[in-house]
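What follows is a short report on a single structure.
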Amino acid sequence: MKHLTTLISALFFLVIGVSHALALPNCVGLYNSLRWDNCVGIYLWTSGESKGDEFVGEYKDGNPHGQGTYTHASG
């Protein structure tokens with residue numbers, strides 16, 4: 001029963017999150033902290049310790065904000 005409740009809760013928040021993210025426009029062009037505001041975009045780190053990591057989700061004021069998925073290159 002606990003697993004079923006967890007699954008239902010997760011699905012509920014996923015649906016709410018997706019519908020909210022779809023309300024925002026796509027971020028335009030390559031990442032730019034001045035232009036990526038209140039939009040949905042994809043950023044892939046290309047250097048440093050985070051090389052290969054990716055964030056797909058909402059951006060506000062040029063920063064990841066709100067709903068999104070951060071994927072580590074290391075798994």
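The values are calculated or read from the model by the stated rules, or taken from the named source; none is laboratory data. Note that this is a predicted model, so its numbers are computed, not measured. Using ideal geometry, Cβ is built from the backbone for each residue, glycine included, and neighbour counts are taken over all protein chains shown. Just so you know, the surface numbers come from the protein's heavy atoms only, side chains and all, with ligands and any DNA or RNA stripped out. Shrake-Rupley method; radii C 1.70, N 1.55, O 1.52, S 1.80 Å.
For beta carbons closer than 7 Å, sequence separation of 6+ or different chains, a first residue in region 52-75 that is over 10 Å from Asp37 (Cα atoms) and small (Gly, Ala, Ser) and a second that is in a loop (DSSP other than H, G, I, E, B) and open to solvent by 70 Å² or more (accessible area, probe 1.4 Å), the qualifying pairs are Ala73/Lys51.
Could you tell me which of the residues Leu22, Leu30, Leu34, Leu14 is within 26 Å of Ala73 (Cβ to Cβ), loosely packed, with under 10 Cβ neighbours inside 10 Å and either under 13 Å from the mean Cα position of the chain (by Cα) or modelled with pLDDT of 90 or more (or both)?
Selected residue: Leu30, the only one of Leu22, Leu30, Leu34, Leu14 that is within 26 Å of Ala73 (Cβ to Cβ), loosely packed, with under 10 Cβ neighbours inside 10 Å and either under 13 Å from the mean Cα position of the chain (by Cα) or modelled with pLDDT of 90 or more (or both).
The C-beta contact set for region 22-34 (first residue touching a residue at least 24 places away in the same chain (Cβ under 8 Å), second residue of a type outside the set (Gly, Ala, Ser) and open to solvent by less than 50 Å² (accessible area, probe 1.4 Å), distance under 8 angstrom, 6+ apart or interchain) comprises Leu24/Cys39; Leu24/Val40; Leu24/Glu58; Cys27/Trp36; Cys27/Cys39; Cys27/Val40; Cys27/Tyr59.
Go through region 37-50 and give me each residue that's among the charged types (D, E, K, R) and at pLDDT 95 or above.
Filtering region 37-50 down to residues among the charged types (D, E, K, R) leaves 37, 49.
Selection gives Asp37 alone.
I'm trying to understand the selection: among the residues of region 46-55, which are surrounded by 14 or more Cβ atoms within 10 Å (Cβ to Cβ), of a type outside the set (Gly, Ala, Ser) and not in a strand (DSSP E or B)? Listed by number, the list holds a single entry, Asp53.
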